[in-house]
Amino acid sequence: MHLAELPRWVTARALAQHPSGSTVAGLAHSEPLALMRLGAPTLSPDRLQLRRLAVFAQWTDEAALDRFLREDALGRHLADGWHVRLEFLRRWSTLAALPGLPVRAGDWDRDEPVVAVTVARMRMREVPRFLHWGKPVERLVRDHPGTTLALAGFRPPRTIATFSVWRSIREMEEMVHGGSAVQHPERHAAAMTERDRRDFHHEFATFRFRPISEHGAWQGRTGIVPGAR
């Protein structure tokens, strides 16, 4: 997962590229997204930050990623930002663009750090319902004491994603199931119940990753990912 502050035209060009149409060697899939501030008003510049790009990408190996950061035009922009390299652990549901991931890969300790990513393709007619149920969840994740970073991203017209870094799997799971020691801890569980009743999305998947290494800085911050080298 990459985060970078870029000229607007660089972000706009990245968003316009089809995520599966890359000719970059070793890049299996990418999701370029304009950053959104979790919990921001719906009609707000913070919901589509064209100077801030997130890229969620699947690579065949780290050598391909390193080559991309050195030699590709977009890669060199991203190299000046921040990124965390991830090891896949778990998925719930699936994306057509990422068909080969197993449901589970390996084991984990509930007290180890974790990175959670969700990617969804919206049903446009369900956007008002999604905002009604989703905004409280955005604020829950954004303000949760267990997160060290929590962001969202959007690629028009229908892709939305969230990215959060947690101090532990335990704290993330407590949030998901409504067991956190915060005000109104049931917000995420309630939204998932509503989604099960009538889906907001054409497709939706949640992924869990182990952080491997952290590179660069984001808005002057380093050491965002606990346990990463």
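When you filter the chymotrypsin sites (Phe, Trp or Tyr not before Pro) in region 81-114 for DSSP loop state and at most 16 other Cβ atoms inside 10 Å of their Cβ, you are left with 108. Report the paramagnetic label zone for residue 9: residues of region 39-83 whose backbone N is under 19 Å from a point 7 Å from Cα along the Cα-to-Cβ axis. Answer for this model: 50-53, 72-78.
A Förster radius of 30 Å combined with the Cβ-Cβ distance from residue 43 to residue 203 puts the calculated FRET efficiency at roughly 0.70.
Here the Gaussian network model covers the chain, with springs between Cα atoms less than 10 Å apart; of 139, 104, 52, 104 fluctuates the most. GNM on the chain, alpha-carbon springs under 10 angstrom: the most fluctuating residue among 158, 208, 125 is 125.
Remark: region 32-147 carries 49 Å² of accessible area per residue (probe radius 1.4 Å; ligands, DNA and RNA excluded).
For the chain, with all protein chains present and a 1.4 Å probe, just round the carbon and sulfur fraction of the accessible area to a whole percent.
Of the solvent-accessible surface of the chain, carbon and sulfur hold 54 percent.
For region 173-183, putting each phi into the Karplus relation 6.51 cos²θ - 1.76 cosθ + 1.60 with θ = phi - 60° gives couplings of 5, 4, 4, 4, 9, x, x, 6, 8, 9, 5 Hz, in residue order, rounded to whole numbers and with x for Gly and Pro. Length gained on full extension, residue 94 to residue 125: 9.0 nm, using 0.36 nm per residue less the C-alpha separation. The residue among 193, 153, 41 whose Cα reaches farthest toward the positive pole of the charge dipole of the chain, with charges on the beta-carbon of Lys, Arg, Asp and Glu, is 41. Accessible area ranking (1.4 Å probe, heavy atoms, ligands and nucleic acids excluded), largest first, for 175, 124: 124, 175. Given a 1.4 Å probe and the protein chains as shown, residue 94 ends up with an accessible area of around 60 Å².
The values are calculated or read from the model by the stated rules, or taken from the named source; none is laboratory data. Just so we're clear, the structure is a prediction, and the values are computed from it rather than from any experiment. Note: ideal-geometry Cβ built from the backbone for every residue, glycine included; neighbour counts use all protein chains shown. Ligands, DNA and RNA are excluded from the accessible area calculation, which covers all protein heavy atoms including side chains. Shrake-Rupley method; radii C 1.70, N 1.55, O 1.52, S 1.80 Å.
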